[in-house]
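Notes follow once the structure below has been shown.
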Amino acid sequence: MPRFPRSAYDETGGLVYFPRMCDKIRLHGAGELGKDYHGYLGKGFDGRLCGFLRVDYEAVKARVLGGASDEETLAWCLENGRGLEAIDYLVWNGFARKRGWRDEDGGSEFFGKAKADGGFGAHDDLMTMFDFYEYDEGRKP
């Protein structure tokens, strides 16, 4: 039976979304990730986060599937991609937590469609993709 990945709000080493990406990799590897997620593996937030860290998604995937913890995987990313300063955490976390809200690159339109298609149009407190995941995956009523 498909399982939902961890919340996008969860953090590893101060970085939001990282544990969700790792969880999606593990669930997919075990055949437990819902099909709706398959088309986004390595894309969307996964791709943006790997791009931000300057690491290849397939390399991250190999480490996670090889048994590395989230913390070990992030440490590898920081060693083999780019190291992060305090401002980088602020930039990534701020961007990721607000994705879908007033984006100029089509993110707001994508979010609006996902919200409507999910039947959450009446939820005024649902303002970002992270919020959408919380509702769509049943963590928020």
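The numbers here are math on the coordinates, done by the rules we state, and not lab data. Because the structure is a prediction, the values reported are computed rather than measured. FYI the Cβ positions are ideal-geometry reconstructions off the backbone, even for glycines, and counts take in every protein chain you see.
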The stretch 15-64 - percent relative contact order, Cα under 8 Å, separation 6 or more: 41 percent
Cross-link reach list, lysines versus LYS115, counting only Cα pairs under 27 Å and skipping chain neighbours closer than eight places: LYS24, LYS35, LYS43, LYS98, LYS140
In the stretch 3-80, trypsin sites (Lys or Arg not before Pro) in a DSSP loop with at most 12 other beta-carbon atoms within 10 Å: LYS43, ARG54
In Å, descending, principal axis extents of the Cα set of the chain: 44, 39, 23
DSSP-loop chymotrypsin sites (Phe, Trp or Tyr not before Pro) across the stretch 1-76, with at most 12 other Cβ within 10 angstrom: TYR40
Net charge of Cβ neighbours under 9 Å - reference PHE52; Lys, Arg +1; Asp, Glu -1: +2
Relative contact order of the chain, pairs being alpha-carbon contacts under 8 Å that are 6 or more residues apart, as %: 22 percent
Burial ordering of CYS22, CYS50, fewest other beta-carbon atoms within 10 Å first: CYS50, CYS22
Within the chain, helix-based [θ] at 222 nm, where runs of 4 or more DSSP H residues each add -39,500 (n - 2.57), nearest 500: -16000 deg cm²/dmol
Pairwise FRET efficiency - ARG3 versus ALA62, Cβ, R0 = 22 Å, nearest 0.05: 0.50
Gain in span if fully extended, ASP103 to ALA86, counting 0.36 nm per residue against the direct Cα distance: 3.7 nm
Distance between modelled label sites at PHE95 and GLU71, nm, 7 Å Cα→Cβ extension: 2.7 nm
Packing-based ranking, highest mean first, of 85-96, 123-134 given that Cβ atoms within 10 Å are counted: 123-134, 85-96
